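Written out below as structure tokens is the structure these notes cover.
The values are calculated or read from the model by the stated rules, or taken from the named source; none is laboratory data. These numbers were taken from a predicted model, which means no experiment stands behind them. When we count neighbours, we look across all protein chains shown, and the Cβ atoms used for this are built from the backbone with ideal geometry, even at glycine. These accessible areas exclude ligands, DNA and RNA; they are computed on the full protein's heavy atoms, side chains included. Shrake-Rupley method; radii C 1.70, N 1.55, O 1.52, S 1.80 Å.
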Amino acid sequence: PMPVCHVQENVLQRVLQLPVVSSTCETLQRKYSSTKESHPLMASVCEVYERGVQGAGALAMWGMEPVVRRLEPQFAVANNLACRGLDHLEEKIPALQYPVDK
């Protein structure tokens, strides 16, 4: 049987759990970390960027919270539709279940 979205599950979590996506993310994370370790100047630039992104992300979420609460029913419907679409893609494209190197 094909996977189905559960109440707490969202389509983004499911996409991130696909082997092809998770292995790509792991590879990118390793390259990012090794670049930071081998280039001190790059490391300081990356740290400034990371702090800025964290601050901006927290500010954006704080500002969006009332809107998100009002739109929760619409998000639930969109998530359900997206999960069904992902079920269809996983059925039609088995390669999504393999890591990138395969």
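Entry remark, region 17-43: residues being β-branched (Val, Ile, Thr) and touching a helix residue (DSSP H, G or I) at 6+ places or on another chain (Cβ under 9 Å) number 3 in total.
Taken over region 68-83, the criterion of being within 18 Å of residue 16 (Cβ to Cβ) and open to solvent by 80 Å² or more (accessible area, probe 1.4 Å) is satisfied by 75 alone. When 82, 43 are checked against the criterion of being touching a residue at least 60 places away in the same chain (Cβ under 8 Å), part of a helix (DSSP H, G or I) and more than 24 Å from residue 102 (Cβ to Cβ), 82 stands alone in meeting it.
Within region 8-22, one or more residues are at pLDDT below 80, out of contact with any Cys (no Cβ under 7 Å at 6 or more places or on another chain) and open to solvent by 100 Å² or more (accessible area, probe 1.4 Å). Determine whether residue 37 is at pLDDT below 85, loosely packed, with under 11 Cβ neighbours inside 10 Å and within 27 Å of residue 100 (Cα to Cα). So residue 37 passes the test.
The set of residues from region 49-62 being surrounded by 10 or more Cβ atoms within 10 Å (Cβ to Cβ) and more than 18 Å from residue 12 (Cβ to Cβ) comprises 49, 50, 51, 52, 54, 55, 56, 58, 59.
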